[in-house]
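Everything on this sheet refers to the single structure shown next.
The values are calculated or read from the model by the stated rules, or taken from the named source; none is laboratory data. A quick note: this is a predicted structure, and the numbers were derived from the prediction, not measured. Cβ: placed from backbone, ideal geometry, glycine included. Neighbour counts: every protein chain shown.
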Amino acid sequence: MRKLGKSIELMVWPLAAVLVFLAFQLIGSFVVSTVAFFSYGEDATATVSVASWALAASSLLTIVAMIGIRYFGLRLPLSLSGNRAVNVFVALLAFVFSLASATILNELADEMLDVRMPAEYAELFKNTVHHPVGLLALCLLGPIAEECVFRGGIMRPLLMRGVNPWIAILVSSVVFALVHGNMVQIGYAFIMGLVLAVIYYRTGSLLVTSLCHVLNNTVTAVMMLTLPDYEDVTVGQMIGRPLEIVVMLVAAALAFLLLKWLWRHTDDQFAETLQHIFETD
């Protein structure tokens, strides 16, 4: 009975973090639909503008709420937490190679499963990127809010209470993937969630993972702004399938090696459970 009670207690605050995130997303959606219906009717441009402001507001409120709730203790993790500049650089570089590998793998999986992003979702996302406030929300506020929730709000309480890091990492990554809500992004989000979770576990810094997340979203936004047919362009089409496979494997190997270096050159932040992965020769 005690074990059951402890398990329930461990999941209360991670669940609370997700509920905070979802609550503000629902508030944003409600604002979008209400204002668009009563004020703008079928004006798509106005709807995108309202959606952009709602996304920015919900992200900002999520950040404030997560920092303000003392239990999560996110003030210190939102600093570099004593990490050297070289550690931050290596973490960012490892994330970039992970990004390249995951992008190709996700494209191959989508092609194999014949999965495409819903047209309405893709169009709204594209229009939001072209809106200044939407761009700010997608590239800065949104990533920081998600790191506060999925790494800070889910992983941190579990790790601080001695939960096996693999469990904390997997829980945060699975929830992070599911929240994206579409089959095109779910696999990619899960992989990136795993990488971000390992970086957070080792550095203890939400600022480092936020920088990685901001980089990811900014690269996507820039590509959408500069490539008119972004949704239909794949890495395989640009460089060819054989080279695409090589790039994916090389990028994945480099990402692992850089994470291994990061592991060996940083102090333990939470526990040593994952240590054997990176310290075996």
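All of 57, 100 fail the test of being under 30 Å from residue 252 (Cβ atoms), surrounded by fewer than 20 Cβ atoms within 10 Å (Cβ to Cβ) and among the hydrophobic types (A, V, I, L, M, F, W, C), apart from 100. Scanning the stretch 173-199 for residues that are under 16 Å from residue 216 (Cβ atoms) and touching a residue at least 60 places away in the same chain (Cβ under 8 Å) yields 179, 184, 185, 187, 188, 191, 192, 195, 196, 198, 199.
Every residue in the stretch 226-243 that is in a helix (DSSP H, G or I) and modelled with pLDDT under 85, please. Within the stretch 226-243, 226, 230, 231, 232, 235, 236, 237, 238, 239, 241, 242 qualify.
The single condition among (1) basic (Lys, Arg); (2) surrounded by fewer than 18 Cβ atoms within 10 Å (Cβ to Cβ); (3) over 18 Å from residue 10 (Cβ atoms) that residue 202 does not meet is (2).
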